[in-house]
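Below is one structure, written out as structure tokens; the observations come after it.
Readers should treat all values here as calculations from the given coordinates under stated rules, not as data from a laboratory. Small disclaimer: the values here were computed from a predicted structure and weren't measured. Methodologically, a virtual Cβ is constructed for each residue, glycine included, from the backbone with ideal geometry; neighbour enumeration extends over all protein chains shown.
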Amino acid sequence: MNTSTDFEKIANDFLLLVRKYIRLYYKPDINEGYQKYDKRELQLMDEFFKIKTQLNAALCNTIDIKIIAEKLCQIIDLGEEYINEMEDDNKIPNCLLLRNIAAYMTPLLKVFGTTSKDIDNIFSADFSEIVICSPSSSTSAHELIMPYVSALTVFRETISELAQQRNVNDIIKECDRIRDKVLPELGIILNEANPEKPVLALKKQSISREAITEVRQSHRSEVAN
């Protein structure tokens, strides 16, 4: 990790990855949404608590930003290693555990200005999301936006296919530009394997090219299986 920009990218990419799994697999309204902690999850939780204790001690004694960043990176490494193991075994990671890890990291990252303020609404302890329209509204931002994003994804896919059939290169290029440049800057990854299920990321957060590739490869694997 050479610069603060590197750390910010690592942290935000991890939160984006966790957000993806939460959106795809976390179902808080049904019993299956609360997965049992198996041996691997208990191991991850134990390792996370050890680093968390060390990090809390560092915060209480002297605010050493370098040490704090190193401890947060260790937590990220634990989470990514766990996710990769689950993917290799064709298993779904425990989303609640990942969410708890992200919820711990979020306020610390915000203190150092490395995340968007909207992350609080995604990983907050009460599982609430951004509420818009009016104070009394129960509709979250994700719930309101997703139908429009899904419709745009299907429309773009249809136009792209028609343009390819008629060999209209300018339209094909514009469809690709929307997919690869415009929407990622808005925090949206178009999932071509399943156009009706795009991935909505963090608001006003630019998504790295590596994250886009990772999400699309993950969805292609799910479709293939």
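Things worth noting here:
- One chain, two ends: ILE171 and GLN43. Fully extended at 0.36 nm per residue, the span grows by 41.0 nm beyond their Cα-Cα distance.
- Three-way shape label, the stretch 4-123, alpha-carbon gyration tensor, a/c 1.5: prolate
- Pair LYS50, TYR148: separation of 7 Å Cα→Cβ label points (nm): 4.8
- Computed from backbone phi, the HN-Hα couplings of the stretch 69-80 come to 5, 5, 5, 5, 5, 5, 5, 4, 4, 4, x, 5 Hz, rounded to whole numbers (Karplus: 6.51 cos²θ - 1.76 cosθ + 1.60, θ = phi - 60°; Gly and Pro given as x).
- Under the Karplus curve 6.51 cos²θ - 1.76 cosθ + 1.60, θ = phi - 60°, whole-Hz ³J(HN,Hα) for the stretch 37-47, x wherever Gly or Pro sits: 7, 8, 4, 5, 5, 5, 5, 4, 5, 5, 5
- Length released on extending from TYR25 to ASN84, taking residue separation times 0.36 nm less the Cα-Cα span: 19.7 nm
- 5 angstrom amide H check on ILE188, placed H, neighbours 5+ away: ALA201
- Entries in LYS36/LYS91; LYS20/LYS71; LYS36/LYS71 that, when Cα-Cα distance is taken, lie over 20 Å: LYS20/LYS71; LYS36/LYS71
- Using θ = phi - 60° in the Karplus curve 6.51 cos²θ - 1.76 cosθ + 1.60, the 3J(HN,Hα) couplings for the stretch 162-177 round to 5, 5, 5, 5, 9, 6, 9, 5, 4, 5, 4, 5, 5, 4, 5, 5 Hz; x is entered for Gly and Pro.
- Here the simple spin-label model places points 7 Å from the Cα toward Cβ, and for THR62 and ILE92 these points are separated by 4.7 nm.
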